[in-house]
1. Going residue by residue through the range A:33-54, is there one that turns out to be charged (D, E, K, R), in a helix (DSSP H, G or I), within 11 Å of chain B (Cβ to nearest Cβ) and within 28 Å of A:P125 (Cβ to Cβ)?
2. Name the one entry in B:I126, B:I165, B:I140, B:I177 that is in contact with an Asp or Glu (Cβ under 7 Å, 6 or more places away or on another chain) and buried (at least 16 other Cβ atoms within 10 Å of the Cβ).
3. Based on this model, can you work out whether B:R198 counts as in contact with a strand residue (DSSP E or B) (Cβ under 9 Å, 6 or more places away or on another chain), surrounded by fewer than 13 Cβ atoms within 10 Å (Cβ to Cβ) and within 14 Å of chain A (Cβ to nearest Cβ)?
4. Name the pairs: first residue in the range A:61-86 and away from chain B (no Cβ under 11 Å) and among the aromatic types (F, W, Y), second residue surrounded by 24 or more Cβ atoms within 10 Å (Cβ to Cβ) and not in a helix (DSSP H, G or I), Cβ to Cβ under 8 Å, at least 6 apart or on different chains?
5. Looking at the range B:149-172, can you tell me whether even one residue there is closer than 24 Å to B:D33 by Cβ, within 14 Å of another protein chain (Cβ to nearest Cβ) and touching a Phe, Trp or Tyr at 6+ places or on another chain (Cβ under 7 Å)?
6. Got at least one residue in the range B:109-120 being without any contact (Cβ under 8 Å) to a residue 60 or more places away in the chain, more than 8 Å from chain A (Cβ to nearest Cβ) and surrounded by 24 or more Cβ atoms within 10 Å (Cβ to Cβ)?
7. Could you please find all residues in the range A:128-143 being under 12 Å from A:V161 (Cα atoms) and either hydrophobic (A, V, I, L, M, F, W, C) or over 17 Å from the mean Cα position of the chain (by Cα) (or both)?
8. Out of everything in the range A:34-48 that is farther than 20 Å from A:P167 by Cβ and free of Cβ contacts under 8 Å to residues at least 24 places away in the same chain, what residue ends up being surrounded by the fewest Cβ atoms within 10 Å (Cβ to Cβ)?
Amino acid sequence: MDSETPGSSWHEITRAVLKRHDVRLVTYVPDNVLRPLIEGIHADPFFTAFAVTREEEGVGIINGAWMGGTRGILLMQTSGFATLPNVLASLSVPFQIPTLMMVSERGTLGEFNIGQSLVARTMRPVLDALAIETHTMTRLDEAEFILDRSITQAIATAAPVCFILSPLLTGGKAFAK
Amino acid sequence: MAQLANHPASREQAKVMNRYDITQRMIGLLKHDEAVIGGIGYTNFDLWAASATPAGRRTQNFYMLGSMGLAVPIALGVALAQPHRKVIALEGDGSILMQLGSLATVAERGQKNLAIVIMDNGAYQITGGQPTHTQAGADIVAIARGAGLAQSAWAADEAAFEELIALALKEDGPWLIGCRIDNQKPVDTTERDPSRIRDQFMRGLGTRK
């Protein structure tokens, strides 16, 4: 497949749009829903990708890389986002760094872990409190447009952006019996 | 590492030095626009103070204003983006204890152009001097070695510190240099202007003209 032509799944589209925008550095804390994206990125020599021990570490790395001239993104799940308010409020936002974030949304549409469903409710209020551009992605036919335009905007306005991948888009994590 | 064999085996054996003095010594050894990431607190303030010259303040420094513990991750990001530039993370003991996982990440990456300098006074000095766990025996250099950073050492004294910095600037890393420091107040206070700090740093790194 041509790297500039998005494939048919959300993770193929994401990978193609990241490449189009020269987002080469990918830090992540693993998540089951993100697995095909992470595997696709690891298999693609365009990217430098590695796991970090904590999500705020990932923000520090991609922010440092941005100042050094390399674009990056942090992949995580909802509970991981809950570790980020301090670094977003004291690094990304005041220093005007376009931190790109992608969150696999848990805690809704069939969640089986009460901890996940509670922590998920803190995510959008935190993003709103910091006035961070946020898009909940629910539809495959909108995915490329949202990612493409929002990465452009984040860089042009030197502001973070958060993409929330709804189970409506990804299928989410099914109840484990 | 054979070249580190003569350095103190533990924190207790290292000389207690002065933060501003050794920061000045480190800055004096930077001849190739090396990047320096200053963690929060007095480590940051003395980096600011030590970077003032008659010709102006060195621009390849980044000064954090919060995000405690992230000097090493930020430095790793800069080092990944600019593999031909040496990058130094300057961090306090309280801060690094908050983000020990980042040492394992640096080790996993094997980031050759990265050095970590830990200013260890055994206290959260800026908040009133409450003891950190290094005072009770947590040894950052031993922790770093355990995380996979084989080239980690305590600086025995000022001369050994300069020797280690010179080695880190010359040879492949990652490096971690532990420094025991006293509880002197910093010499100056960093200007808290994040847009300006980021802009000057990026100009210093050549990513903004």
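The values are calculated or read from the model by the stated rules, or taken from the named source; none is laboratory data. The shown structure was predicted, so the numbers you read here are calculated from the model rather than taken from an experiment. Here Cβ is always computed from backbone atoms with ideal geometry, including for glycine, and neighbour counts include all displayed protein chains.
1. Within the range A:33-54, none of the residues are charged (D, E, K, R), in a helix (DSSP H, G or I), within 11 Å of chain B (Cβ to nearest Cβ) and within 28 Å of A:P125 (Cβ to Cβ).
2. Going through B:I126, B:I165, B:I140, B:I177 in turn, the sole match is B:I140.
3. Answer is no for this residue.
4. A:F81/A:M101; A:F81/A:V103; A:F81/A:C162
5. Scanning the range B:149-172 turns up no residue that is closer than 24 Å to B:D33 by Cβ, within 14 Å of another protein chain (Cβ to nearest Cβ) and touching a Phe, Trp or Tyr at 6+ places or on another chain (Cβ under 7 Å).
6. no
7. Matches in the range A:128-143: A:L130, A:A131, A:I132.
8. Residue satisfying both the conditions and the ranking: A:P45.
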